Every structure is written in structure tokens, then in C-alpha cells.
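The structure appears below as C-alpha cells.
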Amino acid sequence: MLKKYFVSSFSITAIILALVSCSLETQENEVSLVHLGVVRGNTPSTFLIETDGGKILKPLQFPVNYEIVDGTRILAGYVIVNTVADQNHDYTVRIDFIQNVLTKNIVHANQTVRDTLANDPIQIMNVWIGNNFLNVDFVFEGNNQPHFFNIVLDPLKQDTPGHIALDFHHDANQDAPIRQFRGLVSFRIQELS
């Protein structure tokens, strides 16, 4: 199990975030849920979603252009069609939207990494752990250049017993701060447990 984490400054490549783990009223009083999860399976017949809450969803309908790839981190909006007493899944669902979430490994610092890290402005909106991922919801300013975001584990900053210090770094890639963007990134943290 993961111990307490100290999360200081951060860095990531952006995906626009709609909603995370909430519900909305839809047509005919349906309740639409939005959750992060991981794709299981590679075909429509084996397609499952393991949510961060531990529930297994079996999509009956989903956007036809979505490419099913096992292990992909996703954000999905869905409506529960049926509750199922089944060993394979908890609910059958209709997927209203699904988007892949930027997923990265933790960067391990050495002198070369330390010399190249950027610390451009970023506003962290929320940080949480789910399904062996450290999720970071953030806001940054930019225009039309790709930005880079990383979580860094620096052995020189591990000075508090029982805690792991992680730094979040943002590299704006010399992009002009014209408008505001919102991003979400998930970092694999299984190595820290």
C-alpha cells in the first residue's frame, strides 16, 4: 500500500479535462457518471473498463471511432444500463464519451535531468491517487506549442522518513501565455508501493 506522499512542484503533457467522478442529469432522467479508469481487452467483445473505484464496466454502446487498447488510461462518461451479478463485470453501460488520458512514468532525477527541468507557471487544481496512478488536474497558459509535464523523483530530496517527495515540472516550450488550458495527467506509481 502507498504511504503518505508529499507532492511539491509538478510537470505533464496536457489533455482537456471535462469532469472527474461526478454525475449529470441527462435525457429522460438518466444519470450520467464520469470516471477515470483503465481499458481491459482489445476487441468490442472483450472491452471492459476498470474504474478507479474498483467497479468493472461492460460497454454495450460506445463511440464507433474509439480504438480499444488494453491498459489505456481513460476518462469516460456513461449511463448504467443494468446492474449485473456476474464475475466479469458489475454494470453494463452506454458510453456517451470516452477519451484517453495522458499517462506517464515517474522520471528519476540525475544531474542531467536536474539541468534540463523547466519550472514554468502552472496551477494545480487537484491531486489524488486512484488505481495505482497519481492524477494531477491542472491549469496552465499557452497558445499553440506542445507543453511538457513530468513528475520527478529526486533522491536528493528524500529527507523525510515515511514520505516520498515528488516534484511536478511544467515546460511551456517557449509558448506564449495567450489563453488558459486545463489538463489532466496520470502518473504510474506502482513502483512506489
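The values are calculated or read from the model by the stated rules, or taken from the named source; none is laboratory data. Because the structure is a prediction, the values reported are computed rather than measured. Note: areas computed on protein heavy atoms with side chains; ligands, DNA, RNA excluded. Shrake-Rupley method; radii C 1.70, N 1.55, O 1.52, S 1.80 Å.
Ellipsoid fit via the Cα gyration tensor, the chain: semi-axes of 33, 20, 14 Å, each the root of five times an eigenvalue, largest first.
Among Thr160, Thr116, the sequence by solvent-accessible area, most first, with a 1.4 Å probe is Thr116, Thr160.
Here the stretch 146-193 yields Rg over Rh of 1.08, to two decimals, using C-alpha coordinates and the Kirkwood radius.
Over the stretch 28-83, what is the relative contact order in percent, taking alpha-carbon pairs closer than 8 angstrom and at least six residues apart?
Working: 87 pairs, mean separation 25.4, N = 56.
Answer for the stretch 28-83 is 45 percent.
For the chain, the share of accessible area belonging to carbon and sulfur comes to 50 percent (1.4 Å probe, ligands and nucleic acids excluded).
Accessible area per residue of the stretch 142-193 at 1.4 Å probe, in Å²? List each step's numbers first, then the result.
Values: 2810 Å² over 52 residues.
Heavy-atom SASA per residue in the stretch 142-193 reads 54 Å².
As a length-normalised measure over Cα pairs under 8 Å and 6 or more apart, the relative contact order of the stretch 64-129 settles at 27 percent.
Entry note, the chain: the mean residue ellipticity at 222 nm calculated from DSSP H runs of n ≥ 4, each adding -39500 (n - 2.57), is -500 deg cm²/dmol after division by the residues and rounding to the nearest 500. Along its three principal directions, the equivalent ellipsoid of the stretch 20-118 from the Cα gyration tensor extends over semi-axes of 32, 16, 12 Å, largest first. Pairwise Cα distances in the stretch 114-193 exceed 19 Å for 43 percent of all pairs.
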